[in-house]
Amino acid sequence: MLKLPEPISGGLLLSYRCTAECRHCMYACSPKWKGDWISEENLRKILSRLAGKIAPSPWGSEMVSLNYGLHFTGGEPFLNFELLLRAVEIADELKIPSTFVETNCYWCTKDETTREKLHLLKEKGLRGILISVNPFYLEYVPFERTERAIRISMEVFGKNVMVYQLEYYNLFKKLGVKGKILLEDYLNLMKREDLARNVELFLMGRAAYKLKDFYPKYPAHYFFNQPCQPPFIRNWHNHFDNYGNFLPGYCGGISLGDCRNLDELLKEGINLEKHPVLKFLTTQDMKGLLQFARDFGYRELAEGYVSKCHLCIDLRKYLVSRDDFNELKPKDFYLYLE
Ligand code: SF4
Ligand code: SF4
């Protein structure tokens, strides 16, 4: 049995639907996903299970920090603003601390409506906002909208504005970026050095496929003894999706169980004998998982893999195409990776 630690922070995906299809998206979000927005019943269930467990920011429950509190995310949560408002309202009723929303800013087309929406969220109890900035978003969202979102968020939320990643925001300002830029054009501008800059990027989810040509590749055995970095079974920054899946860490397409029954799941743990893929992953046995997939007909990629997560996701993607594994959900995640 695998005992799970009680989650102290994380993100609630309102749906996987997004206006963008970023090449680095960990959750393979895109406009192609069905608009399966979380139902109000599930919203209330999941938030009630999380209430009392979510820890506030070290600066207090009115403040926000990336790995504390609860954030509303997706997909793009502003695609269903009424639902986002409702989620914030319920979380506030349940006294969940340090709540914030994560957005790609596509909706920030005018000062007035941007201000209005942010004020409404604040009135309902939202504490802050995380604004996404990097070259992958820039392919979909004109930079002026990101700038507007940051400027007005600071008016509304004061210090509770996180720009992820600030290095890119400063760089784009310095370069005088306007509008959207295709990644290839951006890299030409940067003489192709930029993706190797010392800025956090996880080569997992869609990035394993869409960014693989920018990185060196290694045979599967190179990753056999590498630990998952950061550990994927942990109490901080997990995710909970609109289908009720409890997703470990940043690992899209893996379900630890039904977060609508979180208390039972934490109490009983997971029977690894019934979840073979999870058994390999939690024991860090990539060699075993590769052999398991081979037995289903998997062939190691001749060109190699850019990361352990690339190997992991390619094996999982193959397994999902061959059989039903309860721990590999939602299935559509595997359809929208490439
Ligand atoms: S990274 Fe964010 S904005 Fe980009 S596709 Fe994923 S959810 Fe949408
Ligand atoms: S190797 Fe797999 S389980 Fe480990 S962090 Fe990467 S995607 Fe998650």
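Here are the numbers for the structure shown:
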item: Zone residues, the stretch 115-137, relative to residue 155, backbone N less than 12 Å from point 7 Å out along Cα-to-Cβ; result: 115-119
item: In the stretch 232-331, GluC sites (Glu not before Pro) in a DSSP loop with at most 13 other beta-carbon atoms within 10 Å; result: 303
item: Overall form of the stretch 57-122 per C-alpha gyration tensor (a/c, 1.5; a/b vs b/c); result: prolate
item: Percent accessible area from carbon and sulfur atoms, the stretch 194-278, protein chains only, probe 1.4 Å; result: 49 percent
item: Long-range tail of P(r) for the chain (Cα pairs > 34 Å, %); result: 24 percent
item: For the stretch 190-338, alpha-carbon Rg and Dmax in angstrom; result: 15.7, 53
item: Cα-Cα P(r), the stretch 231-301, percent of pairs per 10 Å interval; result: 18, 47, 27, 8, 0
item: Subset of 110/159; 174/317; 45/124; 117/210 violating a 31 Å alpha-carbon distance limit; result: 174/317; 117/210
item: Cα centroid separation - the stretch 195-265 against the stretch 270-338, whole Å; result: 12 Å
item: Residues with amide H under 5 Å from that of residue 329, placed H, sequence gap 5 or more; result: 254, 255
item: Protein accessible area in the stretch 20-69, 1.4 Å probe - carbon and sulfur %; result: 53 percent
item: Most mobile listed residue (127, 294, 17) in the chain, GNM with C-alpha springs under 10 Å; result: 294
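The values are calculated or read from the model by the stated rules, or taken from the named source; none is laboratory data. Remember, it's a predicted structure, so these values are computed and weren't measured experimentally. Neighbour counts are summed over all protein chains in view; Cβ atoms, including those assigned to glycine, are modelled from backbone coordinates with ideal geometry. These accessible areas exclude ligands, DNA and RNA; they are computed on the full protein's heavy atoms, side chains included. Shrake-Rupley method; radii C 1.70, N 1.55, O 1.52, S 1.80 Å.
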